[in-house]
Structure formats: C-alpha cells, structure tokens
Amino acid sequence: GCRDHLIIEMFYATGIRLSELIGLDDKDVDFSASLLKVTGKRNKQRLIPFANGLKELMQKYQQIRNREAGSGKWFFVRSNGEQISTAIVYNIVKRKLSEIPTLAKRSPHVLRHSFATSMLNNGAELNAVKDLLGHSSLASTSVYTHTSFEELKKVYHAHPRAQKEGGHYGN
C-alpha cells in the first residue's frame with residue numbers, strides 16, 4: 001500500500017515518466033538536496049526537485065522496502081526485491097484512478113499531464129515546465145497549455161468587456 005500510494009504521488013508531484021520511475025535507482029534519489037536524477041528519452045538525464053511531503057513518503061517506503069524485500073539497486077521493487085515492471089505500475093495507477101468516476105483516462109500519463117497543467121495554472125513558466133518534463137522542444141510542452149486556456153475562458157466572463165446581451169463572451 002505504501003509503495004502504491006508513493007507511485008501515484010511521484011507521478012503527480014514530479015511529472016516523471018513511467019519508464020523514468022521504473023528505472024530509478026536508490027543512488028538517483030538525493031534526500032539531502034531533495035532531487036531525483038532521472039534518465040529520460042534518448043538517455044537524457046535531468047534533475048527533478050521534490051517537496052518535503054514526497055520526501056517523507058519516499059523515506060517511509062524505503063524503510064518498509066528494505067525491511068520486507070531487502071535493499072538493492074532499484075528504488076521501486078516487487079515483494080521479491082526485483083525491479084517493478086511497467087505492467088504492475090500501470091495497473092496500480094489504473095486501479096487508483098478508477099476511484100475517480102469522472103476521470104475518463106486512467107494512466108501514468110494522466111498524472112504527468114495533471115502535473116504540467118497544475119504547474120502552468122499556478123504560474124509556472126512554460127520553459128520551466130518544459131525542463132521539468134524533460135521535453136526537448138517547447139512545442140511538446142505547449143500541449144499542456146490548453147487546459148490553462150480553458151480555465152481562463154471559464155473566468156473571463158468576470159471581465160466587464162466580456163459582457164454581451166444574452167450571455168457572456170467567455171463561455
């Protein structure tokens with residue numbers, strides 16, 4: 001349960017890709033600097049910061065993991081201590097996201113998308129989000145801006161010039 005909860009939190013709190021999460025080694029986690037070193041597409045490495053709440057969950061999981069499955073190379077493991085698989089992680093995410101009935105898609109990428117959208121909706125610059133996601137071009141990141149613009153359209157009706165007869169321009 002602790003591992004599964006952490007996997008969901010990791011995706012949402014860091015925007016990490018599925019392959020990056022599975023490939024995490026213990027040595028890739030720097031608790032003192034609160035940084036993850038991930039290897040992304042085309043073997044590009046990047047550093048992703050993480051907050052104290054995630055740090056506490058990671059340390060708790062690591063203690064339980066070391067006690068139950070032993071310490072080894074991989075950060076996320078199965079009960080036998082071997083590296084967790086793509087299918088296992090995908091099923092964990094699908095099962096957890098199934099608890100949200102209004103959610104149409106249920107995959108690790110949905111959480112990555114939510115990370116990016118939340119960052120943009122809360123004022124992060126597009127270039128910074130690009131770097132955090134490990135995108136090589138801004139065009140790849142700009143797909144996440146559509147939700148931000150949808151949010152803007154929802155609130156635009158509050159602007160005095162948005163008023164028109166019979167309704168609002170922003171809707």
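The values are calculated or read from the model by the stated rules, or taken from the named source; none is laboratory data. Predicted model only: the values in this text are computed from it and were never measured. Cβ: placed from backbone, ideal geometry, glycine included. Neighbour counts: every protein chain shown. The protein model used for the area step is the full one, side chains on, heavy atoms only, and it has no ligands, DNA or RNA in it. Shrake-Rupley method; radii C 1.70, N 1.55, O 1.52, S 1.80 Å.
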> Which percent of Cα pairs goes in each bin when the distances of region 69-143 are cut into 5 angstrom slices starting at zero?
Replying inline: 3, 14, 17, 14, 15, 18, 12, 5, 1
> What list of ³J(HN,Hα) values in whole Hz, one per residue of region 29-38 in order, does the Karplus curve 6.51 cos²θ - 1.76 cosθ + 1.60 (θ = phi - 60°) give from phi, with Gly and Pro shown as x?
Replying inline: 9, 10, 5, 5, 9, 6, 9, 9, 9, 10
> What does region 9-61 give for Rg and for Dmax, in Å, if only its C-alpha atoms count?
Replying inline: 10.4, 32
> So if R0 is 30 Å, what FRET efficiency would residue 137 and residue 90 give, r being the distance between their Cβ atoms, rounded to the nearest 0.05?
Replying inline: 0.70
> In square angstrom, what is the accessible area per residue of region 1-148 with a 1.4 angstrom probe?
Replying inline: 53 Å²
>> Please list, ordered by chain and number, the residues whose modelled amide H lies under 5 Å from the amide H of residue 77; skip anything fewer than 5 residues away on the same chain.
In response: 84
> Any number yet on Rg/Rh for region 1-133, C-alpha, Kirkwood?
Replying inline: 0.95
